[in-house]
Amino acid sequence: MDGLLYVVSEPGPLALEEFHDWYDHEHGPARVALDGVAYGDRYRAIDNRTPSWLALYGLDLDVLATDEYLRLIRYRSAREEHVLATVDTLDRRVYETSASYGAVDLGAPAPCLIAVAMEAGEGGDAAIDQWYQEEHIAALQAVPGWLSSYRYRLVEGEGLTHLAVHRWEGPESLASPEFHAATSTPWRERIFASLSAHERRVFGYWSSFSVDESSFLSDQQSQAQ
């Protein structure tokens with residue numbers, strides 16, 4: 001599993017009940033049913049910011065070029081077409097895994113995530129890598145409640161180049177003295193001052209997709225014929 005499909009969304013005028021039903025019983029299950037997709041989890045923003053929803057799919061990047069995946073896009077249901085035309089935001093990004101830290105199985109969703117995306121200034125990619133490797137990950141590992149961290153590089157979409165997803169036992173870890181120390185070092189301040197852009201989001205676990213063939217495959221197959 002060498003990739004991550006990262007999708008943030010905001011239903012806007014779409015009824016929240018319809019948004020969840022579409023995501024949980026059609027859109028997400030159709031993707032986790034594919035060979036090469038290891039898991040699909042949904043998270044809700046707990047940082048009082050929008051977009052409010054995050055979906056993460058752990059996958060082999062080759063899946064995205066298969067006929068099976070492309071068929072999901074080519075033969076969308078009428079409801080999916082309606083949802084995609086109505087939602088305020090559906091920001092889809094594809095990342096390739098560049099590093100992982102910790103022994104937690106990615107198939108087991110974390111109660112809390114911090115997602116930090118960065119765009120380096122000119123010549124700054126190596127500096128970001130060095131900071132992560134030599135200071136930041138070790139500092140996070142010392143925080144009670146840290147589970148694992150994963151780093152990614154953008155391969156498709158309009159997101160920032162570097163993405164780190166840090167997994168936690170709960171949001172209370174983010175209020176600890178150890179977390180404050182890990183995120184307040186002079187080196188970190190220099191890195192962030194050099195960035196051309198960055199974004200930091202905090203999410204809490206919402207649900208995981210499961211395969212229910214009766215809810216989406218029959219419709220997909222009928223459209224493909």
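What follows draws every value from the coordinates through simple rules; no lab data is involved. Here the structure is a predicted model, which means the values were calculated and not measured. Using ideal geometry, Cβ is built from the backbone for each residue, glycine included, and neighbour counts are taken over all protein chains shown.
A Cβ-based charge dipole, computed about the Cα centre of the range 49-129 with Lys and Arg at +1 and Asp and Glu at -1, lands at about 460 debye.
Karplus-based coupling profile of the range 147-161, in residue order and whole Hz: 10, 5, 9, 9, 10, 9, 10, 5, 10, 7, x, 10, x, 6, 5, with θ = phi - 60° in 6.51 cos²θ - 1.76 cosθ + 1.60 and x standing for Gly or Pro.
What number, in percent, do you get for the relative contact order of the range 3-224 if the mean sequence gap of Cα pairs under 8 Å and at least 6 apart is divided by its residue count?
31 percent
Sorting 59, 14 from the fewest to the most surrounding beta carbons within 10 angstrom yields 14, 59. Specify which residue in the list 142, 13, 116 is farthest towards the positive end of the charge dipole of the chain, using unit charges on the beta carbon of Lys, Arg (+1) and Asp, Glu (-1), about the Cα centre. With unit charges placed on the Cβ atoms, the residue in question is 142. Once backbone amide H atoms are built at 1.01 Å from N, residue 47 has 202 as its partners under 5 Å, excluding neighbours fewer than 5 places away on the same chain. What ³J(HN,Hα) values, in whole Hz, does the Karplus curve 6.51 cos²θ - 1.76 cosθ + 1.60 give for the range 66-76 when θ = phi - 60°, with x put for Gly and Pro? Ordered by residue, 3J(HN,Hα) equals 7, 4, 5, 5, 5, 5, 4, 7, 6, 10, 6 Hz.
Provide the FRET efficiency to the nearest 0.05 for the residue 158-residue 44 pair, computing r from the beta carbons and using R0 = 22 Å.
About 0.45, to the nearest 0.05.
Computed from Cα atoms alone, the Kirkwood hydrodynamic radius reported for the range 64-174 is 16.5 Å.
Considering only 36, 145, 12, the mean-square fluctuation computed in a Gaussian network model of the chain, springs between alpha carbons under 10 angstrom, is largest for 12.
Quote the FRET efficiency, to the nearest 0.05, computed for residue 66 versus residue 16 with a Förster distance R0 of 41 Å and r equal to the Cβ-Cβ distance. Numbers along the way, then the final one.
Values: r = 32 Å, r/R0 = 0.78.
The value I calculate is 0.80.
The GNM of the chain, with springs linking C-alpha atoms under 10 angstrom apart, assigns the highest mean-square fluctuation among 88, 60, 24 to 88.
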